[in-house]
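The numbers here are math on the coordinates, done by the rules we state, and not lab data. Small disclaimer: the values here were computed from a predicted structure and weren't measured. For neighbour counting, all protein chains shown are included, and Cβ atoms are generated from backbone atoms with ideal geometry for every residue, glycine included.
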């Protein structure tokens with residue numbers, strides 16, 4: 001399961017992800033991170049069976065945890081299946097199905113936004 005975790009260092013400098021791994025024993029895959037001196041936002045992936053434990057532990061440490069279910073949203077009325085997003089995506093989220101229609105692998109998205117920028121019809125958006 002993917003989570004967007006937002007945190008502030010105002011309460012201390014304890015490393016949130018490392019502390020969560022130690023406290024829960026759950027390995028966390030960091031897919032994207034933006035860390036500044038006093039705050040940060042990370043996109044993490046954890047096993048579904050451990051998702052509640054990890055999110056509860058991070059919330060107790062003062063972080064805001066949001067579940068990400070559909071990272072990329074495609075407006076099917078605007079999408080013309082041109083494939084511009086396929087070549088730009090670093091995570092191979094997009095592909096053509098057997099009917100040459102655009103399809104998505106939501107679980108691979110890291111919210112980079114490159115697909116949104118490259119879509120000539122504005123058919124893609126990122127869940128924030």
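Some notes on this structure:
- Global form of the stretch 2-68, assessed from the alpha-carbon gyration tensor, a/c cut-off 1.5: prolate
- Working note: 222 nm ellipticity from helices only, DSSP H runs with n ≥ 4, each -39,500 (n - 2.57), summed and divided by the residues of the chain, gives -6000 deg cm²/dmol to the nearest 500.
- Relative protection proxy for 33-42, 82-91, from highest mean packing down: 82-91, 33-42 (other beta-carbon atoms within 10 angstrom).
- Mean sequence separation of contacting Cα pairs (under 8 Å, at least six apart), scaled by the length of the chain, corresponds to a relative contact order of 25 percent.
- The equivalent ellipsoid of the chain has semi-axes of 33, 15, 11 Å, largest first, where each one is the square root of 5 times an eigenvalue of the Cα gyration tensor.
- Axis angle, to the nearest 10 degrees, between helix 51-60 and the longest C-alpha principal axis of the chain: 50 degrees.
- Anisotropy class of the stretch 89-128 from Cα gyration tensor, a/c 1.5 cut: oblate
- Estimated FRET transfer efficiency when R0 is 25 angstrom, pair residue 107-residue 81 (beta carbons, to 0.05): 0.75
- The stretch between residue 96 and residue 29, if pulled fully straight at 0.36 nm per residue, gains 21.4 nm over its current Cα-Cα span.
- For the stretch 2-68: relative contact order, % (alpha-carbon pairs under 8 angstrom, 6 or more apart): 47
- Cα centroid separation, the stretch 55-128 to the stretch 16-34 (Å): 23
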